[in-house]
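K.L.:
This is the structure I want to talk about, given as structure tokens.
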Amino acid sequence: MTPASALQVGHIIEVRANQRIPADLLLLHTTDESETVFIRTDQLDGETDWKLRKPVRYTQALAKNEKPLYGLRAFVTAEAPNQHIYNFEGLFQVEGGDGHKEPLSLENTLWANTVLASSTILALVMYTGKETRMAMNSKTPRTKVCQLDLELNKISKILFVFMLFLAGIMLFLRGFGHDWGIQYFKYVLLLSSIIPISLRVNLDFAKSAFSYMINADKDIEGTVARNSMIPEELGRIEYLLSDKTGTLTQNDMVFKRLVLEQYQFTDESLPDIERIIKKQCSKHIGPAKDIEERMKESSPQKLIIGGKKKKMYKRDKEMVLRDMITSLVLCHNVTPTHEDGVKMYQASSPDEIALVKIAESVQMELVERTQNHMTIKNAAGVLEHYDILANFPFSSETKRMGIVVRHKETGRIIFYLKGADTIMKYKIPEYQRGYVQDEVDELAKIGLRTLIIAQRYLTEEQFNEWFAKYNEANTVLVNREATVRKVIDQLEVDMDFLGITGVEDKLQEDVASTIETLRDAGIHVWMLTGDKVETATCIAISAGFKSRFQEFFVMRELSDPLEIQNHLVEFNKKSQAVLIIDGSTLQHALEHHEKYFFQVAGEAPAVVCCRCSPTQKALITTGIKTHLGKKTLGIGDGGNDVGMIQAADVGVGIVGKEGKQAALAADYSINKFKYVKTLLLWHGRNAYKRTAVMSQFVIHRGLIISIIQAFFSITFYNVAIQVYNGLLMLGYVTIYTMFPVFCLVTKLYLLINSARFSILMLVNQLP
């Protein structure tokens with residue numbers, strides 16, 4: 001076992017399943033049969049979904065043939081260290097021989113502090129120590145000071161000046177003699193009660209009492225006050241900045257709606273779907289049977305960019321449903337695994353797993369998947385085998401994913417495509433677009449996450465023609481990604497619309513009512529998430545960030561400073577709009593229009609920031625404090641939220657699926673998001689009100705004594721004699737005024753009244 005501190009750039013290391021990645025690595029080889037690995041990134045970006053990673057093709061093939069990697073003469077060109085966890089560009093090149101070159105991307109990397117979920121890997125160390133993505137997104141913790149303490153310090157300074165001024169007046173009335181310095185010092189000592197020295201002790205006692213009340217509150221059981229110095233800040237929060245995954249949501253997807261052109265199904269209609277699918281699977285071998293027959297009747301079309309206008313053709317609605325369910329079990333990046341005899345699914349998105357489970361619930365089960373092959377068991381109990389001919393993963397730029405498969409039993413080649421409505425509505429026939437958009441809007445109104453799914457039947461000739469172009473594009477070294485994208489676009493024409501899926505990301509308990517209560521209390525609630533815009537929008541609707549009378553104003557993929565400014569000006573004119581902004585646009589907005597952005601966004605009823613890195617979360621928190629001068633509370637449950645939690649005036653960590661890293665770094669640790677309501681509106685308000693009253697009481701007490709002393713001295717010819725003896729002063733300060741302070745801070749008065757009532761009852765019962 002090698003410690004992470006001993007690793008250097010260029011080392012090749014072995015990492016096993018369930019081990020934490022010690023540095024930023026380039027994946028060279030995996031022992032998994034699928035030639036892919038999954039990693040858990042919850043402590044990096046806060047997402048509990050497993051991410052798929054692929055090794056360098058050249059080194060994977062070399063190691064698979066049992067040839068050692070340690071003697072390979074090759075080098076990697078990588079970008080300079082930066083904090084962007086969603087991007088990477090590099091080049092792998094072999095010296096001598098064929099001079100093989102291979103472009104590298106994010107899917108070839110393993111960032112530090114992620115966890116390898118399965119298999120054993122060999123990887124190349126690219127960045128270590130402070131140059132890793134995790135370290136560059138980390139912030140140094142700071143000591144938090146309560147605003148009330150700073151205000152009391154300021155008042156104490158004013159009282160000190162007032163004491164010096166009052167002593168100067170008394171000296172002036174007495175007259176300046178040869179001992180004026182000693183007399184002035186005597187007056188200062190006599191008036192020193194004006195400085196609330198005991199207030200510091202009272203404040204510390206009060207803070208301890210408030211923290212104890214929070215820890216002992218049964219309504220928020222499990223809450224821990226880790227910082228006892230800032231309970232009053234809870235009552236002064238104006239902006240609450242929250243993570244999404246694991247904080248607002250349970251990250252648990254539930255099927256709610258399936259919409260086809262001629263059918264609509266809910267989660268209660270699964271038996272009907274199963275009956276139809278079983279009938280179709282028994283009747284036909286494989287999907288798209290009717291399309292194949294129609295294609296054979298007409299001459300096959302050549303593949304043309306943009307395609308021809310598609311002729312309207314009504315398919316049998318039950319066949320469409322069968323193809324729809326088949327697409328759910330085929331078009332994804334899900335891999336079935338078995339742990340202790342229990343079947344589990346691994347995927348980079350919970351949406352993917354949810355859709356596969358929907359298909360499984362109607363007896364269309366994914367049995368096996370490798371990088372080149374899939375096996376499913378249909379509703380009739382028959383195994384269907386599919387070859388994966390091409391796979392196009394989902395990305396935030398394309399907003400869709402596709403897969404080309406060949407059904408082995410029939411030889412049919414089918415291209416499945418699914419994605420967001422903003423893209424997919426242009427891929428389906430024009431006469432269906434209006435209906436599809438209306439249905440998507442209806443599902444979005446009830447907070448469901450939607451995907452539009454379409455398919456295309458390809459003849460062997462069409463596929464071979466396209467695949468030749470695809471292979472050629474993959475060998476291009478300059479602008480390779482854009483070239484490949486153009487070729488894929490040629491495939492996404494003449495698509496047959498299958499249907500729309502609606503799934504619900506279950507919210508944490510009472511999230512919507514908690515947010516509504518906080519907003520009614522005048523607290524602005526922002527959501528900062530690393531998830532994509534579409535997902536965050538759905539959660540914003542279901543969690544109550546947007547009311548029925550408000551609208552969304554989306555700023556995404558903007559880089560021109562002038563264009564960003566124009567969008568901010570336009571948004572500023574809308575009084576009832578919720579701002580949604582993605583990470584790249586936010587980065588440019590903070591670089592060029594930071595102050596104006598916070599001024600505009602600060603007035604919005606709510607703001608949703610998507611694709612946020614940990615650093616951006618901390619920057620937003622700091623920006624609100626700096627430019628708006630408001631009190632902030634950061635709440636999250638993952639390691640990626642630590643920067644935001646520490647940058648906020650008050651940090652709250654939730655103990656959840658992502659561990660305790662956020663909870664341990666926070667000022668307050670809670671078990672459920674809904675506890676924030678009690679924490680702020682009850683404990684925070686009480687702590688602030690009671691501390692304010694207690695401070696006024698202690699200051700007022702000192703002023704009374706000092707003013708009486710001043711009048712006494714002035715009345716008796718400015719004599720520097722103490723009006724009260726020391727024992728009386730000590731008793732007044734420590735005993736007489738101690739119990740009122742206790743009553744202001746604690747619930748002691750309730751105990752006293754209860755004890756008094758009990759004593760009276762006992763006295764009345766005496767003979």
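The values are calculated or read from the model by the stated rules, or taken from the named source; none is laboratory data. All figures in this text were calculated on a predicted structure; none of them were measured in a lab. Every residue, glycine among them, receives a Cβ derived from its backbone with ideal geometry; neighbour counts consider all protein chains shown. Heads up: the accessible areas ignore ligands, DNA and RNA and are worked out on the full protein's heavy atoms, side chains in. Shrake-Rupley method; radii C 1.70, N 1.55, O 1.52, S 1.80 Å.
K.L.:
Quick one: grab Rg to one decimal and Dmax as a whole number for the chain, Cα atoms only, in Å.
P.N.:
Answer for the chain, Rg first and Dmax second: 33.9, 122 Å.
K.L.:
Run the numbers for L69 and A4: contour at 0.36 nm per residue of separation, minus the present Cα-Cα distance, in nm.
P.N.:
Result for the pair: 21.3 nm of gain on full extension.
K.L.:
For the range 417-569, count the residues as N, evaluate 2.2 N^0.38 Å, and divide the Cα radius of gyration by that value, please.
P.N.:
This ratio for the range 417-569 stands at 1.36.
K.L.:
Here's a follow-up. What accessible area per residue comes out for the range 679-719, rounded to a whole number of Å², with a 1.4 Å probe?
P.N.:
On the way: 2040 Å² over 41 residues.
Averaged over the residues of the range 679-719, the accessible area is 50 Å².
K.L.:
Project the alpha carbons of the range 550-589 onto their principal axes and report the range along each, largest first, in whole Å.
P.N.:
Reported extents, whole Å, longest axis first: 26, 17, 10.
K.L.:
Rounded to the nearest 0.05, what FRET efficiency do S395 and Q437 give with R0 = 22 Å and r taken as the Cβ-Cβ distance? Could you check?
P.N.:
Efficiency computed from Cβ-Cβ geometry: 0.45.
K.L.:
Also, quick follow-up: Please list, by residue number, everything in the range 398-420 whose backbone N is under 19 Å from a paramagnetic label point 7 Å out along Cα→Cβ of E461.
P.N.:
So the set is 411-415.
K.L.:
Then there is this: So which chymotrypsin sites (Phe, Trp or Tyr not before Pro) in the range 171-244 end up in coil per DSSP with only 15 or fewer other C-beta atoms within 10 Å?
P.N.:
Those satisfying the criteria are F176.
K.L.:
Report the relative contact order of the chain, percent, no decimals, based on alpha-carbon pairs under 8 angstrom and at least 6 residues apart.
P.N.:
Relative contact order of the chain: 16 percent.
K.L.:
Counting other Cβ atoms within 10 Å of each Cβ, which chymotrypsin sites (Phe, Trp or Tyr not before Pro) in the range 386-458 have at most 15 and sit in a DSSP loop?
P.N.:
In loop regions of the range 386-458 (DSSP not H, G, I, E or B), the sparsely surrounded chymotrypsin sites (Phe, Trp or Tyr not before Pro) are Y426.
K.L.:
Which net charge results for the neighbourhood of M295, defined as the other residues with beta-carbon distances under 12 angstrom from its beta-carbon, given Lys and Arg at +1 and Asp and Glu at -1?
P.N.:
Net local charge, M295 excluded: -3.
K.L.:
Another question about this same structure. Can you tell me the accessible area per residue over the range 388-470, all protein chains present, probe 1.4 angstrom, in square angstrom?
P.N.:
On a per-residue basis, the range 388-470 sits at 38 Å².
K.L.:
Can you sort T450, T715, T529, T143 by solvent-accessible area, 1.4 Å probe, largest first? Mind dumping the intermediate values first?
P.N.:
Details: T450 30, T715 90, T529 0, T143 120 Å².
My answer, sorted largest first, is T143, T715, T450, T529.
K.L.:
For the range 624-668, give the percent of accessible area contributed by carbon and sulfur heavy atoms, probe 1.4 Å, rounded to a whole number.
P.N.:
Taking all protein chains in place, the range 624-668 shows 52 percent carbon and sulfur surface.
K.L.:
Taking 0.36 nm per residue of sequence separation and subtracting the Cα-Cα distance, how much length would be gained by fully extending the chain between E591 and K573, in nm to one decimal?
P.N.:
4.2 nm
K.L.:
Oh, and also: Report the charge-dipole magnitude of the chain in Debye, nearest 20, computed about the Cα centre from +1 at each Lys and Arg Cβ and -1 at each Asp and Glu Cβ.
P.N.:
1860 debye
K.L.:
Would any residue of the range 554-577 have its amide N under 14 Å from a label point 7 Å out along Cα→Cβ of I423? List them or say none.
P.N.:
Hits in the range 554-577 for I423 at 14 Å: 557.
K.L.:
Let me ask you something else. Can you compute the modelled spin-label distance between E131 and I708, with each label point 7 Å from Cα toward Cβ, in nm?
P.N.:
The modelled label-to-label distance comes out at 7.2 nm.
K.L.:
Let me ask you something else. Quickly rank 217-224, 639-646 as a protection proxy: mean count of other C-beta atoms within 10 Å, highest first.
P.N.:
639-646, 217-224
K.L.:
With label points built 7 Å along Cα→Cβ from the Cα atoms of Q147 and H284, find their separation and express it in nm.
P.N.:
So the two model labels end up 6.5 nm from each other.
K.L.:
Here's a follow-up. Summarise the accessible area of the range 498-548 (1.4 Å probe, protein heavy atoms) by the percent that is carbon and sulfur.
P.N.:
Its accessible area is 42 percent carbon and sulfur atoms.
K.L.:
Sticking with this structure for a sec: Along the charge dipole of the chain, pointing to its positive end and built from +1/-1 on Cβ of Lys, Arg, Asp and Glu, which listed residue (T535, V188, L590) has its Cα farthest out?
P.N.:
Result: V188, furthest along the dipole toward the positive end.
K.L.:
May I ask for the Kirkwood hydrodynamic radius of the range 571-679, worked out over all distinct Cα pairs and given in angstroms to one decimal?
P.N.:
14.6 Å
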